[in-house]
Amino acid sequence: ILKRLRDEVVSSSAFELAVELVKGSPAGLISGVEVGHAAVDVIQKDRSTSQARRIHSPAVAAIRCVGQLIEIDSNSTEVNALAEVLIQKCVISSRSNKIVLECFRALSVVPESILAALLSPSSGLQHPVSAIHYMLASKDPNLNYTFLACLLSMDVKLWAGLDEAVPAQLQENEVHRIMSFLDGNDPTIRRMTIQLLNRVDPAILEAWFARFIDSVPSPTSSTLGVCELYASRALEVTTVLDSGNGEAFATQLKTILQAVQVPHKGATEKDSPGRGRVQTEGLGGGVNAVLESVVEPVLDRLRESTDEFRKIFVEKMLQDLEESLAVEAPVPTATVICSAVACEYASLVSTPLTTIAEGLANCLAVSPVGVQEALLIALTRVLALFDDESSSEAVVTHVEELEKQSRKHMRQRCDQFLRLAKDKSTLRTVVQGAKTQTLPDILLSIEEHFRKLPRNLKSPSSASSRAVSPRGAAGPSALRYDAYEAPGSLRRKSRDNHQSRARQPSQTPSARSSVAYGEEFHRSPVLSGQESLAQMLTPAGLVALAEGDKTLRNLATGSLDHAATSAASDQLASKMDLIALESPFNAEPSASLGEILASDSQTQSSTGMTEESFLQTFDAAWNTIKPTTRGWSESPPLTLAGTLQDAGLGFIMAFPSIETDLRAKDPNLHDNEILGMILAPEVQVSAAIRLRLGEDNSSLWILKCENADLTLTIKKVLQGDA
């Protein structure tokens, strides 16, 4: 082994094996001192003074070995000499990132007293931080990362001037440079900077946080992206500052949300055309939106915390929610967080369950539709914890009022809640049957329960839904998911006209990869399948379908037996998106459109494209073009396709799932889906479009186009504004 320590090819493995033998071998078999001397010899003979990018470096492996030997026996008389070698090597090879970083990491295990003596001016050794100043001044993020990683590896007292024995190693301008990383675009460097400043002095971060909150622009004059940006940056700081204090974390979170959002207004104005819909584009786009960049990190932080931290945080959040209701409506993001934490941790807190339930119920009337759904799921979970003597009458009254004022989707959710609330035994069974006590899993369990009921027992209110909300009245407010464009008043055309239109190219591409279309469904619904499950599919759940999961696809189309349904449901629940709990459409497959597509003639395009060449061209364009736009229209896909053809944009389309042999080749293809491309001169693809059938013969469209002007033109055509 000792002979192999200098072999460039196997040095790394040889040093690792040598260390393991030192730790576990009988005395005398191999000496740690002997291995240490061999490692020092390799380090001193190394001549890496620049960015040599060798995959295997004996010097790096030797330095790592020295650090491990010091950690094994930090009281050895050899530690002082080994640490001195590391300091000298760090200075000599300062231009080699790998060697410098490994030296700092190895020095981090040297006892503080020994290292402080070696780094004091009287030792005569050059401080290793002095060798990496150039990394801080560089504009190369890799060098910036290495600099921060080196400082994080060393106790702050040994370089920040907190110990009189070791003077400060950074100048004032260098401190300002580090502070500037807080405003950078690299999230890794930002988080490392936050950790570093918190170690030096938390007051630095507190002052920065206060100034940052004061600099947040007005939510009404900011876009959703700006609100997300400011909220996520502030949350990164407070997560580190208040890492051990649940109450302080909740207080700072409230401060952040109040800075970037304002209370939702007009959520229950029944006659308002935009009732329940949230604006997410343009100025004011983040006012009423649920900020995913805040919700997910907060919930992740709680899941990594202790029960005591969770308990204090949840109690503080619920208290703030109640106080907000006494003054004005709480901001949507805070309401969703309260719903999620009440669902997961209601059993931990000392707050009475009736108080929690009534507080959540009071938010129903002042929240947008997507938030109302989260509240109903949380209320289902909390009511399941009630004892037999606890009354849910006040909560039921709030939900009944919401049901009267809501449209089809929320009426169905309210009806499900009310039916479960009347049967406590069934309610507890449904909640306990959820894989975890989180919003998505409980929603899945509720949907699974009602899916198994006989059809005539599923929802008394669904029979009257069309009378209350007729198709003709489905205006822009039918859009219930913030990510999609509001529908335009597109001129409707006869299906027969578009049925007889000569389509380009042939309507049946031979095969396609189901994985290729996974990305666009991150926030897009699958609009086919049995009604009960399709209604509860969220965008993240749909990713699994688009990724070609055969089990989940069968679950969506109702072709899975009950034994397999449970396993598929568990798999789907793990991929469900917390924010987008509400499906924008209640899938009701249209047989008429399928018949129209099935009867379409198979012709070859005037562009000369065959079925297979269309597919290959579409696949290549879809995977290459990155900018994605999504929207929804009242018109069916066939009408939209015809409108795009009439617009003179060079639109060609195909229906990829009509013939039986195609389904046999790729069972993941969807009926009632139209693929389209807009061709530029020389048959170059300028845009790729997918059209899919939605509720009441509406359409979901997904557009990929790199040309901003063309994107705007296509959107106007799809919205009927062209």
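The values are calculated or read from the model by the stated rules, or taken from the named source; none is laboratory data. Quantities reported herein were computed from a predicted structural model and do not represent experimental measurements. Cβ coordinates were reconstructed from backbone atoms using ideal geometry, including for glycine residues, and neighbour counts include every protein chain displayed. Heavy atoms of the whole protein, side chains included, go into the accessibility calculation; ligands, DNA and RNA do not. Shrake-Rupley method; radii C 1.70, N 1.55, O 1.52, S 1.80 Å.
Observations on the model:
- Relative contact order computed over the stretch 80-163 (Cα-Cα under 8 Å; 6+ residues apart), in percent: 32 percent
- Entries in Lys45/Lys89; Lys316/Lys424; Lys626/Lys704 that, when Cα-Cα distance is taken, lie over 18 Å: Lys316/Lys424
- If R0 equals 30 Å, the separation of the Cβ atoms of Ala708 and Ser293 corresponds to a calculated FRET efficiency of about 0.80.
- Hz values of 3J(HN,Hα) by residue in the stretch 138-151 - Karplus curve (6.51, -1.76, 1.60), Gly and Pro given as x: 5, 8, 7, x, 5, 5, 4, 4, 4, 4, 5, 5, 5, 5
- Scoring 437-445, 621-629 by mean Cβ neighbours within 10 Å over their residues and listing the highest first yields 437-445, 621-629.
- Here the Karplus curve 6.51 cos²θ - 1.76 cosθ + 1.60, taken at θ = phi - 60°, turns the phi angles of the stretch 102-115 into couplings of 5, 5, 4, 5, 5, 5, 5, 9, 6, x, 4, 5, 5, 5 Hz, with x standing for Gly and Pro.
- Rounded D (µm²/s) - the stretch 38-128, Kirkwood Rh over Cα pairs, Stokes-Einstein at 10 °C, 1.306 mPa s: 121 µm²/s
- For the stretch 168-181, backbone phi angles converted through the Karplus equation (6.51, -1.76, 1.60; θ = phi - 60°) give residue-by-residue couplings of 4, 9, 10, 7, 4, 5, 6, 5, 4, 5, 5, 4, 5, 5 Hz, Gly and Pro being listed as x.
- Using a simple spin-label model with pseudo-atoms 7 Å out from Cα toward Cβ, Glu16 and Ser122 lie 4.3 nm apart.
- The label point for Arg47 and the one for Tyr134, both projected 7 Å from the Cα toward the Cβ, are 1.9 nm apart.
- Ranking of Ser425, Ser153 by solvent-accessible surface, largest first: Ser425, Ser153 (1.4 Å probe, protein heavy atoms only, all chains present).
- Ranked from largest to smallest solvent-accessible area, with a 1.4 Å probe on the protein heavy atoms, Lys3, Lys45 come out as Lys3, Lys45.
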